[in-house]
Every structure is written in C-alpha cells, then in structure tokens.
Amino acid sequence: MSGARKRAAADAALAELRSGQRLGLGTGSTAAAFLEALADALASGRLADVAGVPTSRATEVRARELGIPLIDLPADGVDVAVDGMDEVDGALNAVKGLGGALLREKVVAEAATRFVLIGDDGKTVGRLGERAPLPVEVLAFGVARTEARLRALGLTPTLRGGATEPFLSDNGNPILDAVLPEDADLPALAAALDAIPGVMAHGLFLGMADVAYLASDGDVVRREADA
C-alpha cells in the first residue's frame, strides 16, 4: 500500500471525528498515517480538545512526537477508534494483528462507540484468511499446549520469529500466526479461541467495525457495515 493511499484513507477518516472526543489510536503504518493526519487537523484548528489512547508503544512514541495529547483508556471507553487492518471482508469483518498489537487494539476497539477501519482497497477479500494468517497472542507459559489446542481447531500455527528468538508483543507475549482453513466457521472459531486459557487475544475482529475507508489510486470509498 502506497504512502499516498494510506494518507488518503487517513484524511477521509477525519470526517468521523469531532472536537472534544476521546480517540483510540491504532498501530501500524496505515495508523501512523492517521496520526499525521490528526496532528495536521489539530495544528490547523480543524479539530481541538481531543485526546488519544495509543494501542502500542510505537503509537505512543509517534503521537507524542506529533504533539497529540494522550490519556489512559477511560473506564467508559472512547468515542471513536481508528485503525488499519490486514484483511477485511464485505461485511467489514477483519483480521488484524500482523503488527503485533492485536490485544491492545481489540481492547480499545471494543471500548469505542464507533470503530473505523482505514486501508487499501487491496485489503478486501472474499473470505478472511485468504491472504493473511490469523495472529493469536498467547501466554508464553504452556505455549506448546496452546499450539496443540489451535491445531485441534483445524488451524496451522507457526510461532512468529521462531523458537530461538520469538517475537514478543508489548505485553511480553509470543504470537502464533495461524493459517485459516477455507471452510472455517469464523464466529464458532472466535468463540473457541476465546475459551482457550492460554489465548490472550486473536486477530478476528468480527462485527466490530462500523465503517471503513478504503483507498485506491485517486479515490477513497466509504463503506458501512450494514451497507
């Protein structure tokens, strides 16, 4: 996805925001483009008196560099969360987590009154798992057992980074990237993953997004979940 497309989607998503709101700030290169768009809107006076909840250390650092006010996640949540995605289907169900921040991203997305996805129209798929693996953040303790539980669900997990130097999330947890079977019942799979004690979070964001801004060359399409 080109930088121009990322910025175009980010600029378009600013239409979802109002002054005085509390915002969820996503993670990844597309979310980083949104941080820049937000900072420009604050500098120009288009928006004022907003505060953001970062979903990763990287987002926190970048937001501070850009002068975006930050807060901890309030008990009553945020008004709008904006984030990228790795895949999105026609109903705006998404796979997220290739950037490694899926747990915090899901906590913030669930806490948002409106959840907005931004990205390239090339992220659109006919079925989730078509192009990207499903990230699953797991507890390091008992990881072999958790991996076996995933395999029993028909997934094919691989430890991100490998056993010698596994990737660790900001929460200190490893991530298993799992290949989804073509015939997966995603709501049932999500429920089964949620029931595994060693699973901290999975990258299935089902029924969570309210709207998506999808950029192509020279155009941005706004899609609503019920459209």
If you take just the strands (runs of 3 or more DSSP E) that sit entirely in segment 109-227, which of them hold at least 3 residues that are open to solvent by less than 70 Å² (accessible area, probe 1.4 Å) and not aliphatic (A, V, I, L, M)? 112-120
Positions within segment 111-130 being within 11 Å of the chain's Cα centre (by Cα) and within 10 Å of Ala209 (Cα to Cα), in sequence order: Phe115, Val116, Leu117
Residues located in segment 30-62, provided they are among the hydroxyl-bearing types (Ser, Thr, Tyr) and under 18 Å from Val108 (Cα atoms): Thr30, Thr55, Ser56, Thr59
Just the residues that are over 20 Å from Pro197 (Cα atoms) and modelled with pLDDT of 95 or more, please, taken from segment 147-163. Gly161, Gly162
Number of the exception - Glu105 against (1) over 14 Å from the mean Cα position of the chain (by Cα); (2) part of a helix (DSSP H, G or I): (1)
Of Thr156, Thr164, Thr146, which residue is free of Cβ contacts under 8 Å to residues at least 24 places away in the same chain, at negative phi and in contact with a strand residue (DSSP E or B) (Cβ under 8 Å, 6 or more places away or on another chain)? Thr156
Answer with yes or no whether Met200 is touching a Phe, Trp or Tyr at 6+ places or on another chain (Cβ under 8 Å) and touching a residue at least 12 places away in the same chain (Cβ under 8 Å). no
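The values are calculated or read from the model by the stated rules, or taken from the named source; none is laboratory data. Note that this is a predicted model, so its numbers are computed, not measured. Methodologically, a virtual Cβ is constructed for each residue, glycine included, from the backbone with ideal geometry; neighbour enumeration extends over all protein chains shown. The accessibility values were calculated without ligands, DNA or RNA, using every heavy atom of the protein model including side chains. Shrake-Rupley method; radii C 1.70, N 1.55, O 1.52, S 1.80 Å.
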